[in-house]
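J.: Just passing along the structure, written as structure tokens.
The values are calculated or read from the model by the stated rules, or taken from the named source; none is laboratory data. Since we're looking at a predicted model, the values are computed, not measured. Cβ coordinates were reconstructed from backbone atoms using ideal geometry, including for glycine residues, and neighbour counts include every protein chain displayed. When the accessible area is computed, the model is the full protein with side chains, heavy atoms only, and any ligands, DNA or RNA have been set aside. Shrake-Rupley method; radii C 1.70, N 1.55, O 1.52, S 1.80 Å.
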Amino acid sequence: MYNTDSKEKEYSIQTKDVHLHYGDFHALKGINIAMRKNQVTAFIGPSGCGKSTFLRCFNRMNDLIDNVRIEGDIFIDDVDIYKTNIQVDDLRKHVGMVFQKPNPFPKSIFENVAYGLRVNGTSDKNFVQERVERSLRQAALWDEVKDKLKKSAFELSGGQQQRLCIARALAIEPSVVLMDEPASALDPISTAKIEELIYELKKDYTIVIVTHNMQQAGRVSDSTAFFYLGELVEFAKTKTLFTSPRDQRTQNYITGRFG
Amino acid sequence: MNQLEKELLRIKEKVNEMWDLVTFQVNGGKAALVHADKELARKIIKRGKKVNDYDVKIDRMCENLFALFNPVAVDLRWVLAVLKINANLERIGDTAEGIARLVKEVDTAFDAELLQITQVLEMYDAAEAMLTDVRTALAEENTELAKALIKRDKVLDKINAKADKALVSYMQAHPENIAQALKVSNIIRKLERIGDQITNIAEEVVFYVDAKVVKHRQKGKRDKNKD
């Protein structure tokens, strides 16, 4: 269903006039954006600007919130994820997510990564083992955990737990990985590891990251989108946005002169 | 005003103080030349050390700002521009100091005819006005003025280009005053250099305000015309 094969395909995520209301509150106001395949796009903006809400639209995490109303089109690899009759489970196989705080399951390191495969009915032991190892390697965690795969995931440090969550997201081979402030709860060394990882992962995945850390947006992303009061104010190459932003509101925000 | 703005303001104040010193060196140079004022020439030379101290201080302040405040956008462009403006101001100061050293060496006042036919005083006036205007362009973020300055540098280039011929005629007519003529020749070359350095500053003003790189553009055009 998802068109991920075509090498010519330029964009992985495209949205057209997306509006989102929480009851009477108009949280997203007509967002149009096209995010390139195998690139990292950062969403920045003050708290409450709608960036996380918009990110959560990409795997339909807002669906269960009371009184939420979403209009417009969101295409992920050419599939309109709100209009096409697709199962949310299938969508989430295609779009992985990593949250602000590491949230490993109360299981072993191995089982955390294998979880998605097992839920999807994969029982081939060798296949699961191979995929777990590959995902842990991709998440730059393999060398640190290969001798203690049966130990509880809670024995790992915060930074390792976050990389475990990334490995868990990668195990089901998504095309898109969403990251909602993935390093904000980590120390600088763990943060640097996550950032290095993001750099590596974009070879294989399209990554969207919400961050409050503008230096982090500058370091890891190819493009940056600035949101303010539910609007997408500016979307540009990261180096352009951080050196010569077009909109005064972007300039005020990134230079710390807001409000 | 946030902390970053306070730091930027501190650097701006230092740049202004340095600018005052360099302006004194350039403007004083003309008076010293006209009146063969050795005392003034000495003061100009002495001021060079202070200018150098400001150069180091401003560089260090910019370095700290990069490390501690991670400036972006207009702030980043401003600090990058200031680093280059600082370097150019220091060189203008050095050049003015060089002129003062030449003036200090003469025992009698420069021959008025020599100053007149070489247009060295007009050159001085043009350089002084340019230095004042480029400072205004930076303070007022006036890129029109900055762009006009880049063109105005041609006045100095033209006088410099004509000077050799005037000097040769003068030396032929006044072989007893060749030493002074050579000094004036040297001063003219230095003033032409000051014009280039002011142009560099004007280009940085355009970069800071409009985020556009205009340096080397004139040269590119000239090369194209030659082809």
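J.: Could you list, in sequence order, all residues of region A:66-90 that are surrounded by 19 or more Cβ atoms within 10 Å (Cβ to Cβ) and not in a strand (DSSP E or B)?
T.: A:ASP77, A:ILE81 - these are the residues of region A:66-90 that are surrounded by 19 or more Cβ atoms within 10 Å (Cβ to Cβ) and not in a strand (DSSP E or B).
J.: Next up: I'd like to know if region B:58-79 contains one or more residues that are within 14 Å of chain A (Cβ to nearest Cβ), open to solvent by less than 20 Å² (accessible area, probe 1.4 Å), without any contact (Cβ under 8 Å) to a residue 12 or more places away in the chain and in a helix (DSSP H, G or I).
T.: The answer is yes, given that some residue of region B:58-79 is within 14 Å of chain A (Cβ to nearest Cβ), open to solvent by less than 20 Å² (accessible area, probe 1.4 Å), without any contact (Cβ under 8 Å) to a residue 12 or more places away in the chain and in a helix (DSSP H, G or I).
J.: Restricting to region A:91-119, count the residues that are within 21 Å of the chain's Cα centre (by Cα) and either aromatic (Phe, Trp, Tyr) or part of a loop (DSSP other than H, G, I, E, B) (or both).
T.: Going through region A:91-119 one residue at a time, the tally reaches 8.
J.: OK, next. Inside region B:1-33, can you point out the residues that are closer than 13 Å to B:VAL82 by Cα and either open to solvent by 50 Å² or more (accessible area, probe 1.4 Å) or away from chain A (no Cβ under 14 Å) (or both)?
T.: B:LEU9, B:ARG10, B:ILE11, B:LYS12, B:GLU13, B:LYS14, B:VAL15, B:ASN16, B:MET18, B:TRP19
J.: If you don't mind, another one. Identify, by number, the condition in (1) in a strand (DSSP E or B); (2) surrounded by fewer than 23 Cβ atoms within 10 Å (Cβ to Cβ); (3) among the hydrophobic types (A, V, I, L, M, F, W, C); (4) within 14 Å of another protein chain (Cβ to nearest Cβ) that A:PHE235 doesn't meet.
T.: All conditions are met except number (4).
J.: Just one of the numbered conditions (1) open to solvent by 60 Å² or more (accessible area, probe 1.4 Å); (2) part of a helix (DSSP H, G or I); (3) away from chain B (no Cβ under 14 Å) is not true of A:ARG219; which one?
T.: Failing condition for A:ARG219: (3).
J.: Can you work out which of the residues in region A:243-257 that are more than 7 Å from chain B (Cβ to nearest Cβ) and in a helix (DSSP H, G or I) is surrounded by the fewest Cβ atoms within 10 Å (Cβ to Cβ)?
T.: The extreme case among them is A:GLN248.
J.: Also, I was wondering about something else. Quick one: is B:ALA41 open to solvent by 20 Å² or more (accessible area, probe 1.4 Å) and within 20 Å of B:THR95 (Cα to Cα)?
T.: Details: open to solvent by 20 Å² or more (accessible area, probe 1.4 Å): no; within 20 Å of B:THR95 (Cα to Cα): yes.
When the stated conditions are applied, B:ALA41 does not pass them.
J.: Considering only residues that are surrounded by 14 or more Cβ atoms within 10 Å (Cβ to Cβ) and under 20 Å from B:THR108 (Cα atoms), which ones fall in region B:162-177?
T.: B:LEU167, B:TYR170, B:MET171, B:HIS174, B:ASN177, listed by residue number.
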